[in-house]
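Remarks on the structure that follows.
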Amino acid sequence: MKSKWTSFPGRRKFSFVILKFIQIYRGMNSGKTLVHALVKNQPLAALRAIGEKVLNKERIYAEEGLLLFEKAPLSYIGALANHVREQLHGHKTYFNRNFHIEPTNVCVFSCAFCSYSRLYAHRDEGWELSLEQMMDMVRKYDGKAVTEVHIVGGVHPKMNLSFFAELLKKIKNHRPDLHIKGFTAVELDYMFKKAKLTTEEGMKSLHESGLDSLPGGGAEIFASDIREIICPDKVDAEGWIHIHRTAHRLGMHSNATMLYGHIEKYHHRIDHMERLRNLQDETGGFNAFIPLKFRNKQNDMSHVPESSVIEDMKLYAVSRLFMDNFPHLKAYWPMLGRQNAQLTLSFGVNDLDGTIDDSTKIYSMAGSEEKHPSLSTTQLVALIKQVKREPVERDTLYHEIKNYKHIDLAAMDADASYN
Ligand code: SF4
């Protein structure tokens with residue numbers, strides 16, 4: 001019988017390219033001596049010095065990060081990033097079993113890159129889920145081994161803090177073990193201001209209602225000159241950072257994103273990453289850094305071309321080298337597509353997010369190849385094994401649930417709980 005995991009679209013076409021990449025980069029980095037030799041033989045002294053710092057586990061400065069973007073060959077930063085990744089995690093590649101709830105795509109804001117939202121005046125073109133509809137979605141997973149629900153959506157003027165506190169309580173009552181990761185800093189900022197609460201008061205209220213951690217969305221690019229063009233009216237960089245700092249101080253963890261590959265320059269990316277790195281030095285509350293690729297379908301920035309795969313891999317590699325205090329670097333596969341997500345595993349990435357179960361529309365509406373993002377556990381494990389990495393199921397906070405290194409794919413195929 002044909003195994004289900006072999007039926008990825010385009011699997012054969014990409015396998016050859018991916019395996020070639022892996023041979024080259026793993027070859028460079030399979031022994032410490034090879035990556036050391038690569039650094040030693042780097043002709044540009046400044047790049048050689050950065051390579052030596054990376055090998056010595058020293059922090060690289062903003063100017064050095066910029067130089068990596070501007071001057072370093074992909075082969076060089078790819079091998080260094082892979083070295084760092086393997087020092088931190090070996091071959092382990094994390095994923096979780098999760099689903100999303102997107103309460104609404106109605107939004108008071110009008111971000112130029114957004115393909116997803118509808119203004120309140122056009123809410124008939126969008127969706128607004130009731131508490132019961134969202135609870136039906138949660139109940140759909142009764143008896144299934146999901147560990148996380150991810151809740152994000154548009155900023156609806158009438159879905160306020162009390163509404164979401166009620167939702168959190170209902171979910172926790174129904175399923176106390178489900179980790180609730182919810183609400184971008186943009187949604188939270190609006191909710192707290194509308195409720196006339198300080199960030200700390202608002203965060204405490206949601207935390208007490210059942211919110212466990214925050215996703216990383218809404219960060220986009222922190223620099224105000226870019227923000228003024230792509231998302232002028234929502235919370236600014238300082239506001240985003242304040243919300244995450246507050247969550248960390250209350251003992252909650254969060255992730256951080258960066259929307260890249262549109263009108264920003266390399267120095268904007270470095271500025272963004274440096275602000276996050278500084279906050280992580282201060283609080284230690286971030287789990288993962290998640291670069292998000294700009295997709296240009298059905299939005300006000302459709303004239304801006306998307307970045308190439310080479311640029312994507314460069315970004316992941318520099319992120320791994322620069323974000324030295326972030327334990328995890330995640331490639332969000334519904335955005336990149338599963339084959340490109342596989343490639344990132346040789347450029348510093350150690351996490352691919354989760355099963356998703358076709359429960360998000362954010363990237364499919366923006367033109368991602370993944371129109372109905374859903375992977376079974378077997379498919380995710382196969383995806384990771386196919387590029388010679390070690391699949392590890394985790395919970396939201398990166399506690400290991402199960403290592404699939406020695407678990408046979410055919411046996412997983414035959415087990416309904418994985419499919
Ligand atoms: S990116 Fe978020 S805040 Fe901006 S318009 Fe879209 S849904 Fe609203």
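The values are calculated or read from the model by the stated rules, or taken from the named source; none is laboratory data. Since the model is a prediction, treat every value here as computed from it, not as a measurement. Quick reminder, even Gly has a Cβ in these numbers, built from the backbone with ideal geometry, and neighbours come from all protein chains shown.
The table below lists the values:
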item: Search result, residues across the stretch 288-314 that are closer than 14 Å to M258 by Cβ and part of a helix (DSSP H, G or I); result: E311, D312, K314
item: Pairs with Cβ under 6 Å, 6+ apart, first in the stretch 374-400 and touching a residue at least 40 places away in the same chain (Cβ under 8 Å), second crowded, with 17+ Cβ neighbours inside 10 Å and of a type in the set (D, E); result: T378/D413; T396/E148
item: Check on K193, more than 16 Å from the ligand (Cβ to nearest atom) and over 20 Å from the mean Cα position of the chain (by Cα); result: no
item: Check on E228, more than 16 Å from the ligand (Cβ to nearest atom), part of a helix (DSSP H, G or I), assigned by TED's automatic domain parsing to the domain that holds M335 and at negative phi; result: no
item: Scan of the stretch 392-419 for residues that are over 25 Å from the mean Cα position of the chain (by Cα) and either of a type outside the set (A, V, I, L, M, F, W, C) or more than 23 Å from D358 (Cα to Cα) (or both), ordered by number; result: H406, I407, D408, A410, A411, D413, D415, S417
item: Selection count where residues are in contact (Cβ under 8 Å) with a residue 60 or more places away in the chain and within 16 Å of F113 (Cα to Cα), scope the stretch 185-234; result: 8
item: Complete set of residues in the stretch 368-396 that are in contact with a strand residue (DSSP E or B) (Cβ under 6 Å, 6 or more places away or on another chain) and aliphatic (A, V, I, L, M); result: L380, V381, I384, V392
item: Failed condition for G182, given (1) of a type in the set (G, A, S); (2) surrounded by 21 or more Cβ atoms within 10 Å (Cβ to Cβ); (3) more than 13 Å from the ligand (Cβ to nearest atom); (4) touching a residue at least 40 places away in the same chain (Cβ under 8 Å); result: (4)
